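> Shown below is the structure under consideration.
The values are calculated or read from the model by the stated rules, or taken from the named source; none is laboratory data. Keep in mind it's a predicted model, so treat the numbers as computed, not measured. No Cβ is skipped: glycine too gets one built from the backbone with ideal geometry, and neighbour counts run over all protein chains shown. Accessible surface areas use protein heavy atoms only, side chains included; no ligands, DNA or RNA. Shrake-Rupley method; radii C 1.70, N 1.55, O 1.52, S 1.80 Å.
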Amino acid sequence: MAKRTKAKRETKSKKMTLKMAQNCVELTLDGKHRLDLSFKGVTAVPKCVQKLFHMAEVDLSRNMIRKFPDFIAQFIKMTVLDLHSNCLEELPVAISYLQNLKVLNLCNNRLTSLPSELGLLNKLQTLNLGLNQLEALPASIGALEELRHIGLSDNRFTRLPGCLLKLKKLESIKMDRNPIIAEKIPTEKPVSISESFYLVK
């Protein structure tokens, strides 16, 4: 019994104080504030993070986060959000408030669908959705006029999402290891569908 109790304790989310989170803030080369909470063993985004809403970049990758909180809406200055390698099953509608977001990394989670509000991130340039359980994209993705790179590898797509054909600035689509049904893809300009790109430092 003692062994089981110990195992349960080890899987519990580690508590984080505001001071601990502040110690994880660093300056980027261009002078922006970056919050690096990767590899912290948390199963939820610490509530104390709300007070660091002025961050330009937030890295919560390689944790065990199951749900992303609505208070993310307060981070209106954020340009980079890295959530890869977590346990996310859904995204909150509140993500639509991140109007300055340019890079969103959701790779290696458990997403089966995306909120249509994702299409409101009109400054988004790079979106990585690889290693999830997606079968389709919301039609609103076609409104992301600044999107240049999208990663859809290792999902459940059987065809190229039609909404991507509306994106005039799109340069690369990564769709490796999907059960794609062979078909001709009508495009007005050359778009790389196999080119690799990486967001993980």
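> Collect the residues in the stretch 132-150 that are part of a loop (DSSP other than H, G, I, E, B) and buried (at least 19 other Cβ atoms within 10 Å of the Cβ), keeping them in residue-number order. Don't jump to the end; show me each part of the working.
First pass over the stretch 132-150, keeping only residues part of a loop (DSSP other than H, G, I, E, B): 132-138, 144-148.
Selection gives N132, L134, L137, L144, L147.
> On to the next question. Quick check on the stretch 151-170. Is at least one of its residues closer than 22 Å to D59 by Cα and either surrounded by 21 or more Cβ atoms within 10 Å (Cβ to Cβ) or touching a Pro at 6+ places or on another chain (Cβ under 8 Å) (or both)?
Yes, the stretch 151-170 contains a residue that is closer than 22 Å to D59 by Cα and either surrounded by 21 or more Cβ atoms within 10 Å (Cβ to Cβ) or touching a Pro at 6+ places or on another chain (Cβ under 8 Å) (or both).
> In this structure, is L37 in contact with an Asp or Glu (Cβ under 9 Å, 6 or more places away or on another chain) and within 20 Å of N132 (Cβ to Cβ)? Reasoning before the result, please.
Working: in contact with an Asp or Glu (Cβ under 9 Å, 6 or more places away or on another chain): yes; within 20 Å of N132 (Cβ to Cβ): no.
So L37 fails the test.
> Just the residues that are touching a Ser or Thr at 6+ places or on another chain (Cβ under 8 Å), open to solvent by less than 60 Å² (accessible area, probe 1.4 Å) and farther than 17 Å from R66 by Cα, please, taken from the stretch 108-129.
Result: E117, L118, G119, L121.
> Further, regarding this structure: Quick one: count up the residues across the stretch 91-107 that are in a loop (DSSP other than H, G, I, E, B) and either without any contact (Cβ under 8 Å) to a residue 24 or more places away in the chain or closer than 16 Å to F68 by Cα (or both).
Let us first name the residues in the stretch 91-107 that are in a loop (DSSP other than H, G, I, E, B), namely 91-92, 98-102, 106-107.
Going one step further and asking which of them are either without any contact (Cβ under 8 Å) to a residue 24 or more places away in the chain or closer than 16 Å to F68 by Cα (or both), we end up with 91-92, 98, 101, 106-107.
Matching residues across the stretch 91-107 total 6.
> Which members of the stretch 176-192 meet the condition of being buried (at least 16 other Cβ atoms within 10 Å of the Cβ) and at pLDDT below 95? Spell out the reasoning first.
Taking the stretch 176-192 and keeping what is buried (at least 16 other Cβ atoms within 10 Å of the Cβ), we get 178, 191.
Across the stretch 176-192, the qualifying residue is only V191.
> Being open to solvent by 30 Å² or more (accessible area, probe 1.4 Å) and in a helix (DSSP H, G or I), is that true of even one residue in the stretch 75-86?
no
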